[in-house]
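The values are calculated or read from the model by the stated rules, or taken from the named source; none is laboratory data. Please read these numbers as outputs of a predicted model, since none were measured by experiment. Cβ: placed from backbone, ideal geometry, glycine included. Neighbour counts: every protein chain shown.
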Amino acid sequence: MATITKGDFSLDLGFIKLGAELSDEDRQCAWELYTEIATRVAVVGKRGDKNATNFDGELFSESLDSLYKFFQEARLIMRRFPVGRIKDFKQEHLGILINRVLANVLRPFLEKWNGQFRVWWARASKSDESPYEIQQKYPKCAEFLADWSALRFIMRRVELALAKEYKLIPLE
């Protein structure tokens, strides 16, 4: 199984056991997860940014909201496609990958940064300055964005693996 590690985050892509024919439900589940990943800048960054380090034009508070919304949507996908409906019980269900993404990538990032940044932001954003200028003054901004870039790097790998393994049309 492929394991992706970047910084504090590690993800085991344990769903790469697809030997049998995929059912329409398997592919639909993969497509729903794929579109949630691929269409959220907060999750994968900007398409032209190879290193996932360009946060220009993003309000961190709004992007954190998008990450949390992705977390919620991924859980909904797990519920909509329960393990009992997959075609081949020899493959690992995509819900296992979703759980790994949530538990090992999204949750640690949100637990570490969401509260810290939002408390700081609530105080700092009372200024008359541009919100983009204010957020750059976050005392832990470099570490925050480095962790976020690592999260985006891993999620890009998940996106590519989903497209390849489930024979999805890449959105890139």
Legend entry - Residue that is outside any helix (DSSP H, G or I) and either closer than 18 Å to L162 by Cα or in contact with a Phe, Trp or Tyr (Cβ under 8 Å, 6 or more places away or on another chain) (or both), where the choices are R100, R47: R47
Legend entry - Single condition Q72 does not satisfy, out of (1) farther than 23 Å from K46 by Cα; (2) in a helix (DSSP H, G or I); (3) among the polar types (S, T, N, Q): (1)
Inset, instruction - Under 6 Å between Cβ atoms, at least 6 apart or on separate chains: pull out the pairs that start in segment 87-98 with a residue that is more than 13 Å from S23 (Cβ to Cβ) and end on any residue that is part of a helix (DSSP H, G or I) and modelled with pLDDT of 80 or more. - result: G95/M78; I98/A74; I98/M78
Legend entry - Long-range neighbours under 9 Å by Cβ, at least six apart or interchain, first residue farther than 27 Å from W31 by Cα within segment 140-162, second of a type in the set (V, I, T): L145/T53; A146/T53
Inset, instruction - Inspect all residues belonging to segment 122-137 and state whether any of them is under 30 Å from M78 (Cα atoms) and surrounded by fewer than 18 Cβ atoms within 10 Å (Cβ to Cβ). - result: no
Legend entry - Qualifying position, being crowded, with 18+ Cβ neighbours inside 10 Å, modelled with pLDDT of 80 or more and in a helix (DSSP H, G or I), among G115, G95: G95
Inset, instruction - Go through segment 126-166 and give me each residue that's in a helix (DSSP H, G or I) and among the hydroxyl-bearing types (S, T, Y). - result: Y132, S149
Inset, instruction - Report yes if some residue within segment 148-159 is surrounded by 16 or more Cβ atoms within 10 Å (Cβ to Cβ) and more than 11 Å from V44 (Cα to Cα); otherwise report no. - result: no
